[in-house]
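Asks: Input: one structure, supplied below.
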Amino acid sequence: MAVMPLREGDPARIGRFRLTARLGAGGMGVVYLGEAKDCGQVAVKVVRPEVGDDQEFRARFSREVALLTRVQGLCTVRVIEADTGAASPFLVTEYASGPSLSEQMKSSGPLGPGMLYGLATGLAEALVAIHAAGVVHRDLKPGNVLLTPQGPKVIDFGIAQALDSTVLTQTGMTVGSPGFMAPEQVS
């Protein structure tokens, strides 16, 4: 994951976390590298102000936080703190340092047998933990798997769904990344 300098207008702090760099940005928010004395480096996902006022989006973000908090795997990122009711809602997770599987394959080509074994066992552990928590990730793809020195870490539960919950998507709406969606999801 690329670490970029903070930009003009980026906050210096979110809650008790000092922000030191940008890790990425999307339509719904910005992910920063942050730190706190008691937990070291963290990833801080901050919702963009223009979507933070949307009650439907806040409900989705609150659901993402609740689902991710339920997942307790070695190969998934751990929630440290969140405030979904703040003026700028945020989610703080452990910082998983390393390129995404997608970035690794683009820069170095196919993975070797040893790395594939570690990836397969790590992803299997992550999926067991995710499903044991009653969660379906719904966007497991190379861009959402970080290759850390400790092994792979599954990230981005933004469109995850609890197995026992009602769906917040509209009828006929497809959610996920084409090419990586389960066949039953496409149907």
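The values are calculated or read from the model by the stated rules, or taken from the named source; none is laboratory data. Predicted, not measured: the structure shown is a model, and the values here were computed from it. Note: ideal-geometry Cβ built from the backbone for every residue, glycine included; neighbour counts use all protein chains shown. What goes into the accessible areas is simple: the full protein's heavy atoms, side chains included, and nothing from ligands, DNA or RNA. Shrake-Rupley method; radii C 1.70, N 1.55, O 1.52, S 1.80 Å.
Asks: Rg and Dmax of region 1-101, using alpha carbons, in Å: what are they?
Replies: 13.1, 36
Asks: What is the extension gain from residue 10 to residue 102, computed as 0.36 nm multiplied by their sequence separation minus the C-alpha to C-alpha distance, in nm to one decimal?
Replies: Roughly 30.4 nm would be gained on extension.
Asks: For a quick check of understanding: with a 1.4 angstrom probe and all protein chains in place, what accessible area in square angstrom does residue 108 have, to the nearest ten?
Replies: Per-residue accessible area (residue 108): approximately 80 Å².
Asks: Further question on the same structure: Nearest 5 is fine: what % of DSSP beta bridges in the chain come out antiparallel, could you say?
Replies: Expressed as a percentage, antiparallel bridges in the chain total about 95.
Asks: Top mean-square fluctuation among 129, 86, 162, Gaussian network model of the chain, C-alpha springs under 10 Å?
Replies: 86
Asks: Loop-only check: which GluC sites (Glu not before Pro) in region 7-64 are DSSP coil with at most 16 other Cβ within 10 angstrom?
Replies: In loop regions of region 7-64 (DSSP not H, G, I, E or B), the sparsely surrounded GluC sites (Glu not before Pro) are 8.
Asks: Quick one, could you list the DSSP H helices from the chain stretching 24 Å or more along their long axis (Cα atoms) with average Kyte-Doolittle hydropathy of -0.5 or above?
Replies: Correct list, ordered by number: 113-132.
Asks: Here's something else I'd like to know. With a 1.4 Å probe and every protein chain left in place, tell me how much accessible area residue 28 has, in Å² to the nearest 10.
Replies: Only protein atoms counted, so the area is about 100 Å².
Asks: Moving on to the next point. Report the gain in length on full extension from residue 18 to residue 117: 0.36 nm times residue separation, minus Cα-Cα distance, nm rounded to one decimal.
Replies: 31.9 nm
Asks: Return the calculated 222 nm mean residue ellipticity for the chain, to the nearest 500 deg cm²/dmol, obtained by summing -39500 (n - 2.57) across DSSP H runs with n ≥ 4 and dividing by the residue count.
Replies: -8500 deg cm²/dmol
Asks: Stretch residue 62-residue 83 to full length: gain in nm at 0.36 nm per residue minus the Cα-Cα span?
Replies: That pair, residue 62 and residue 83, stretches by 6.7 nm at full extension.
Asks: Per residue, how many Å² of accessible area does the chain show with a 1.4 Å probe?
Replies: Counting only protein heavy atoms, the per-residue value for the chain is 54 Å².
Asks: So what is the relative contact order of the chain, in percent, for Cα pairs below 8 Å that sit 6 or more residues apart?
Replies: Reported relative contact order: 18 percent.
Asks: Here's something else I'd like to know. By what distance, in whole Å, do the Cα atoms of the chain stretch along each of the three principal axes, largest value first?
Replies: Computed over the chain, the largest-to-smallest principal extents equal 43, 40, 27 Å.
Asks: What nm distance separates the two modelled labels at residue 74 and residue 150, each placed 7 Å from Cα along Cα→Cβ?
Replies: A separation of 1.1 nm, rounded to one decimal place.
Asks: Accessible area of the chain with a 1.4 Å probe: how many percent of it is carbon plus sulfur?
Replies: That share works out to 57 percent.
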